[in-house]
1. So which of 321, 285, 331, 352 is crowded, with 19+ Cβ neighbours inside 10 Å, touching a residue at least 12 places away in the same chain (Cβ under 8 Å), closer than 18 Å to residue 215 by Cβ and within 46 Å of the chain's Cα centre (by Cα)?
2. For the range 1045-1063, enumerate the residues that are modelled with pLDDT of 70 or more and within 14 Å of residue 1091 (Cβ to Cβ).
3. Going through 474, 411 one at a time, which residue ends up being in contact with a helix residue (DSSP H, G or I) (Cβ under 8 Å, 6 or more places away or on another chain), closer than 26 Å to residue 505 by Cβ and either in a loop (DSSP other than H, G, I, E, B) or in the same structural domain as residue 324 (by TED's automatic domain parsing) (or both)?
4. So residue 573 clears everything in (1) surrounded by fewer than 17 Cβ atoms within 10 Å (Cβ to Cβ); (2) under 22 Å from residue 665 (Cβ atoms) except one condition, right? Which one?
5. Confirm whether residue 733 is over 19 Å from residue 638 (Cα atoms) and either surrounded by 13 or more Cβ atoms within 10 Å (Cβ to Cβ) or in contact with a strand residue (DSSP E or B) (Cβ under 6 Å, 6 or more places away or on another chain) (or both).
6. Of the residues that make up the range 210-229, is at least one at pLDDT 80 or above, outside any loop (DSSP other than H, G, I, E, B) and more than 26 Å from residue 300 (Cβ to Cβ)?
7. Against the conditions (1) assigned to a loop (DSSP other than H, G, I, E, B); (2) surrounded by 21 or more Cβ atoms within 10 Å (Cβ to Cβ), where does residue 337 fall short? Just the number, please.
8. So how many residues does the range 530-553 have that are under 22 Å from residue 469 (Cβ atoms) and surrounded by fewer than 17 Cβ atoms within 10 Å (Cβ to Cβ)?
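The values are calculated or read from the model by the stated rules, or taken from the named source; none is laboratory data. None of the values given here were measured: they were computed from a predicted structure. Note that we place each Cβ from the backbone using ideal geometry, even for glycine, and neighbour counts take in every protein chain shown.
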């Protein structure tokens, strides 16, 4: 419980409030609903090896007795002082034995006890005469052996008597039932020489192929009604009435929708006070009403639930509380509506359970039947008794007061108050702890003061650390329950050192609206403790003023100069006039004339009265108050009156009964007020309430003139004039327009000219307007009148302050504007922004601007953005006629835009000239400059020229390679394109280039050439022209032979020395060494190859060393 309550303490941001939830169940934890104890004295008498009575197996309880049946057939009767009162022992049998006690019953007057035994016997004792039973019913076989009358039926020997019951108040009539489904009624009959027991079978047959055991049973006896026996077997619930031995009434109910995976079990419990029968069958728990109507029993279904596991025992603890035990030994508590209230595990109490049915059902096809628990668990007078294997325990329903007192006794006062709050706010049925739904709150409210004050006294003296938390919880308890306890708490706090903490919490609860009422004493002390005027004012405004001491509150407002709070209190006293003289009078005026309380904005309780008094004060015959307010702050006054004019109560509504109307107020103001803010007020409100107002034309003209002549802010004047002009036209428009020009109210002029369709004047006015509204009006003007273009030309320089917006205008309406813009003396950045926007908007090449504009854009791009320049030239300016190249060559070269220049030269078919520029750019590349794009352009030029003129193309290739080899740029791309394009040209280019370059450059050139070619023919031809000497077979001839079918073996190695003689890079290395030795005038080493038809290859010097006949030494001589 402690952990749960501590977890409920969740400080909020605004206050240390307990987050109470109405859907929280205070009884959800084990131990909250029931308190357990042990019957140690009884346990000592019946358990252990020293116990003489044998192990207890059956438990029954009544108001005065606790009766135990043992495995030795003894019956022990204890009182609740745990004293053994009677021991009942069956008389000895001549044949057979009784076996263990398997069932017990106690008569209503508690004077008789009936017992059933494991062998089928039934005995009844009067505990006042315990020496011998008053009635004995022996099993059938035993009775026959004793010479009994066959007609007097009884249980079969060996059947287990599972249930015995007394019939109502009759102590001489007993009903017994066994595990084979047989039911008997036994009566003790008087005869001439004494008494004898007579038995009759009510249900079942002796000869049954598959017995149907009785899993649960009960006997119902209502007033003036026949006895009703209710039984449950694995298939049905059945009721049979007996009067006294004849069947009068039967009913049955099929038990379905049951999950028997956890074992089939059943139980019955009847509450005589409510006449309700609860029964469980498997995992189904149901309550029905059974009432005798004078002729028959009427059964009405009440509630039903479906549990997660089978129920093995149920019993009524009270009229409205049902206890149920599941097969996993969990004790559950249900209300009258079968809502689970609480639960607790009894697994560790090890309740006894007996297997009465498996032997009977072993040949049947039924589900597994759970063991019987009903003999070990009993409910009696709101207590539950559990007979365990080693202990005998009982549980008592917890009372709410006991739970709280337990926490107080454990020195946990905070938890005690928290638990009470949970009880108070929970929506759950708490009747099982003594809190009935109808009276719960009254009971807890009466107990709250004692609990809180007791807890606080304890904390002050013994637990100071938890006192702040207790204060917060106690205040919330007072808030939730509305118990008037704040003053008592304060008295106790003032005696401690926690007064400031108390008032801090109190302020928090007041400001968040939790507390609306404060006792005068608490309010006074609170103000004394909080010297902050802002806090005090917020407190006054948050409280219910009807509970305040007005004299005290007004004095506090005067002392701390709390003007807003003072107005609030005066309005509460129905004084609406005095605040008109205060410092916040204009804000107050706007509130009160719209029916709102100042400053809380909540609706006034009597708004009509408040408005009427204020209007009479302002607009009565004496206008002194009105004039003083206007003189003090005309703007604020008319701002408040603007809001008041929107009040629907002024719409000539007879129900409002206001002493003024809008027309009356306006007449008074015209007669008494001379202020430009009044003119603005008229201009703004006349169009809105024209149906309620009548104003002469002369006055409206005067209003416009006064606004124009005033020194009010320009925006205020423009808005007011435009509002009035929406419904009124001045008598002299030309004069009025002239005044607008003089006052430079361009916004008004623009709207007037636009309405007149005079777009030229509208445009001129907009161009003079300092506010940036001109662009929208330029679009409007050009859409309606193209003749306004000269006006734009005259103001182009000022319009270039927004070059992109001007470009939108030019592209949409007038392309000729581009030339005029370029003539302006404006910054390069402005020109670039303008042209960049122009070309971004042009989607059709046919709509491109003139060559002059295109040239200017290219020059600006060359300076500002080289990447964008190439994109524009490739995708937008794609035609030769778009650009006048001679005019921009210098600009392109100055900005190192060689690629753009080469692109434009190629369009003019001047490729060699473009190649010159590119070659020079490549050769003079700057540090970290990427020239790949330029090389790509040069390669494209060489390829194009070579396709037309091989000799000229060859020269261009040579010049490009020379330029590349003069830098650190990789020539692989150029070589690859050269070889792929035209091998003849490639041979000529490389052949002519090799003699004139350095050794290092030559090595790179040859290596790239070999890497680029799928076959090495071109490189071989090129080197052959340089390297001379006698070869065993020339490379060219070898290649031709290879094409005819000659080839080297797969290992591509010399069969003599093992050195690789063919493959990527091998020939290039060999030929490079040959060329290098020739350049040094050195002897060329023997690198000739001998290749045979058998595909074996040798170095020539290796073959001569191995064979003088020049034959393949690996094959026969004829393979030459």
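1. On the way: 321 fails: closer than 18 Å to residue 215 by Cβ; 331 fails: closer than 18 Å to residue 215 by Cβ; 352 fails: within 46 Å of the chain's Cα centre (by Cα).
Going through 321, 285, 331, 352 in turn, the sole match is 285.
2. Initial filter on the range 1045-1063 (modelled with pLDDT of 70 or more): 1052-1061.
Passing the criteria: 1052, 1053, 1054, 1055, 1056, 1061.
3. Details: 474 fails: either in a loop (DSSP other than H, G, I, E, B) or in the same structural domain as residue 324 (by TED's automatic domain parsing) (or both).
Going through 474, 411 in turn, the sole match is 411.
4. Every listed condition holds for residue 573 apart from (2).
5. Values: over 19 Å from residue 638 (Cα atoms): yes; either surrounded by 13 or more Cβ atoms within 10 Å (Cβ to Cβ) or in contact with a strand residue (DSSP E or B) (Cβ under 6 Å, 6 or more places away or on another chain) (or both): no.
It is false that residue 733 is over 19 Å from residue 638 (Cα atoms) and either surrounded by 13 or more Cβ atoms within 10 Å (Cβ to Cβ) or in contact with a strand residue (DSSP E or B) (Cβ under 6 Å, 6 or more places away or on another chain) (or both).
6. No.
7. Tallying (1) assigned to a loop (DSSP other than H, G, I, E, B); (2) surrounded by 21 or more Cβ atoms within 10 Å (Cβ to Cβ), residue 337 fails exactly one: (2).
8. Looking only at the range 530-553, we keep the residues that are under 22 Å from residue 469 (Cβ atoms), and these are 530.
In the following step, the residues that additionally are surrounded by fewer than 17 Cβ atoms within 10 Å (Cβ to Cβ) were identified as none.
Number satisfying all stated conditions: 0.
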